[in-house]
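> One structure follows; several queries about it will come next.
Bear in mind that the values in this text are calculations on the coordinates, not laboratory data. Predicted model, so just to flag it, every value in this text is computed and none were measured. Ideal geometry is used to build each Cβ from the backbone, glycine not excepted, and the neighbour counts take in all protein chains shown.
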């Protein structure tokens, strides 16, 4: 701050974080491998819709399928996701053992959506994840939003159709004017993008309108802290 020696005041801006999560990228060749496995087992896998809140029912192909973590592809993918989750826990200065406990796929089509919800765990600390596997053209052509940016929905723009919304506080249209930090984030689906976040984080998926499948995979993880944590 400028001024005379008598009025010189040292200042610094202090920002307190409210949420940490990880965004990672899986190689597209590995994504293709996962998609091939899912295509092969899709009709044989257990219908998981009875355990989930997703409103995935608008198309005859709409489905939510439970994956068997004892099978090779889900087991290996679970290890990859757990490794990413381990980094998130270590960021908080803890020594964890992250163990996948549940995995399923979501096959969404025009009009399908997922209302605001969170996930459970068997341990006090739990992690959840979203892996984007297929993204229809109606979503892929939309502009990407910067972190914390709110989409402009004026004139029925559909700017967030098919996006995932993460929400960790009360949101209002006057937030920026009142100097409130963002408490939400919209995430544009892209094949290979992986999000890992605390299981208490509220999130939802907006419906999209157009041809094609929006395919994601979710994994819940238990977190056991070792003696070093």
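> Mind checking the full-extension length gain between residue 155 and residue 58? Use 0.36 nm per residue of separation minus the Cα-Cα distance, one decimal, nm.
Extra length available between residue 155 and residue 58 comes to 32.4 nm.
> Relative to the first principal axis of the alpha-carbon coordinates of the chain, what is the inclination of helix 72-91, with its axis defined by its Cα atoms, in degrees from 0 to 90 and to the nearest 10?
That works out to roughly 10 degrees.
> By how many nm would the segment from residue 174 to residue 70 lengthen if fully extended, with 0.36 nm per residue of separation less the alpha-carbon distance?
Difference between extended and current length: 32.6 nm.
> Now a separate question. Does region 13-137 come out rounded, prolate or oblate, given a ≥ b ≥ c as the square roots of the eigenvalues of its C-alpha gyration tensor, rounded meaning a/c under 1.5 and, failing that, prolate meaning a/b above b/c?
prolate
> Here's something else I'd like to know. Viscosity 1.306 mPa s, temperature 10 °C: give me the Stokes-Einstein translational D for the chain in µm²/s, with Rh taken as the Kirkwood radius over C-alpha pairs.
Taking Rh from Cα pairs, D becomes 83 µm²/s.
> At a 10 angstrom cut-off on C-beta neighbours, averaged per residue, how do the peptides 10-17, 109-116, 138-145 rank from highest to lowest?
Averaged packing, sorted descending, gives the order 109-116, 138-145, 10-17.
> Rounding to the nearest 10 and keeping the result within 0 to 90°, find how far the Cα-based axis of helix 28-41 lies from the longest principal axis of the chain.
40
> Taking the simple approach of a point 7 Å from Cα along Cα-to-Cβ for both residue 32 and residue 116, what is their distance in nm?
4.1
> Mind giving me the nanometre distance, one decimal, between the label points for residue 209 and residue 137, set 7 Å out from Cα along Cα→Cβ?
Those two pseudo-labels are separated by 1.8 nm.
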